[in-house]
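Student: Handing you a structure now.
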Amino acid sequence: MLRPTTLSTCSPESEQGRHVFEITGYSKHKGMGHGPGSFIRSATFPVGGHSWSIRYYPDGYARANTSEDDYISVYLELMSIGSSVRASCDLRLVDQTTGLSSTVHKTELRMFNPSDSSKFAPKANKLFKKRSELEASAYLGDDRLTIECVVTVMKKPKVLESKPRPKIQVPPSDITQHLGNLLEQGERADVTFSVGEHSFAAHRIVLAARSPVFEAELHGPMREAGTQTVTVQGIQPAVFKALLHFIYTDSLPAMDGLEGDDRVEMIRNLLVAADRYGVGRLKIVCQSILCEDLDARNVATTLALADLHHCEMLKDACFEFIFSSRMDDVVHQRNPFVNMIQYFKRVLGASGAAA
């Protein structure tokens, strides 16, 4: 049985923070006396174990006499020193009438390094908002400008060990055991077979389900006549008992005390019975056993049996054995079927010469 498989799951861990930086007296901050490049810094705020702030440039980041003179600039700045941070930010302006914010610049997930310019987002000289458009919009109200910044910091991935799903062990099928007990105990049997001096109680419905011959016999004229006892001729009691055992359990019974030729003879008789009653799987099982037990003494008899009962696989196995290096051993056996072997040898030899 396989041991339960262990499982672990890696999930991204992040922390998000939102900071609002409100600029009151917007018009009074213009031309702070220092011109472009001068900034106002928000209060420091924590997100993901790091400190951040917003830089607001009322006269733009760039120096004077450039095409950027008409822009305001806004940046997120990593204030913590030490290790780099993997994060993203969304810089927005808030509509003073509706209170809703709109994204002006979004920085996708990237590394913020506190020791160089990558600690800012967006990059230096990135245009933020044209002043003339801003002052004509609803982002300004009562001379107030509200900047909103959403920072998402990626933290160390979280690895969780998950317990395997509980399993309920299903026991092996025991239907054949119950059916075997049904046959052995004879409970509710509705037909009896008389075989020689022995009687065997059985169940019509089981036999009919497993054998087309039994189905025809037990659910045809015999059922209409109400016959309860069926006399079976031409089969030894031990063989018929083994046939019933296979029909109920789909397996051969233990053959204690049968060794060598006696066991082979029992399997041959079972093959004949399986052919007689149309129990196809039993017929193949018997062929398989006889194939494994082939030797120079019994191959001729087995071939004759296979030919008589249309066992093509067993016939092929016999021929393969016969026309192997042991051919001479087979011919020297005193067996009434050796003449048939010699006949096949002559026919096949003539076919080879003609070719």
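Student: Between SER288 and SER11, take the C-beta separation as r, use R0 = 56 Å, and let me know the FRET efficiency to the nearest 0.05.
Tutor: 0.55
Student: OK, next. Where both residues lie in the stretch 112-268, what percent of DSSP beta bridges are antiparallel, nearest 5?
Tutor: Antiparallel: roughly 65 percent of the beta bridges in the stretch 112-268.
Student: Given LYS126/LYS156; LYS129/LYS158; LYS28/LYS129; LYS123/LYS156; LYS119/LYS158; LYS130/LYS156, which pairs have Cα atoms separated by over 27 Å?
Tutor: The pairs that break the limit, which is 27 Å between Cα atoms, are LYS126/LYS156; LYS129/LYS158; LYS130/LYS156.
Student: On to the next question. Using Cβ counts within 10 Å as a stand-in for footprinting exposure, how do ARG92, ARG188, ARG297 rank, fewest first?
Tutor: ARG188, ARG297, ARG92
Student: Pop a pseudo-label 7 angstrom from the Cα along the beta-carbon direction at both ARG188 and SER38 and give the gap in nm to one decimal.
Tutor: 10.3 nm
Student: Can you compute the equivalent ellipsoid semi-axes for the stretch 11-159, i.e. the square root of 5 times each eigenvalue of the Cα gyration tensor, sorted largest first and rounded to whole Å?
Tutor: Computed over the stretch 11-159, the values are 28, 18, 12 Å.
Student: Compare the peptides 7-16, 173-182 by average per-residue count of other Cβ atoms within 10 angstrom and give them in order, highest first.
Tutor: By packing density, highest mean first, the sequence is 173-182, 7-16.
Student: Take the alpha carbon gyration tensor of the stretch 174-291, find the square roots of its eigenvalues, order them as a ≥ b ≥ c, and report rounded if a/c is under 1.5; if not, report prolate when a/b exceeds b/c, else oblate.
Tutor: prolate
Student: Using a 10 Å cut-off on Cβ atoms, rank the peptides 107-116, 270-279 from the highest mean neighbour count down.
Tutor: Sorting 107-116, 270-279 by mean packing, highest first, produces 270-279, 107-116.
Student: Can I ask one more? Would you please classify the overall shape of the stretch 241-316 from the alpha carbon gyration tensor, given that a ≥ b ≥ c denote the square roots of the eigenvalues, rounded means a/c under 1.5, and beyond that prolate means a/b larger than b/c while oblate covers the rest?
Tutor: The shape class here is oblate.
Laboratory data are not the source of any read-out in this text; all were calculated from the coordinates shown. Worth saying up front: this structure is predicted, and the values here are computed from it rather than measured. All Cβ positions, glycine included, derive from the backbone under ideal geometry; neighbour counts span all protein chains shown.
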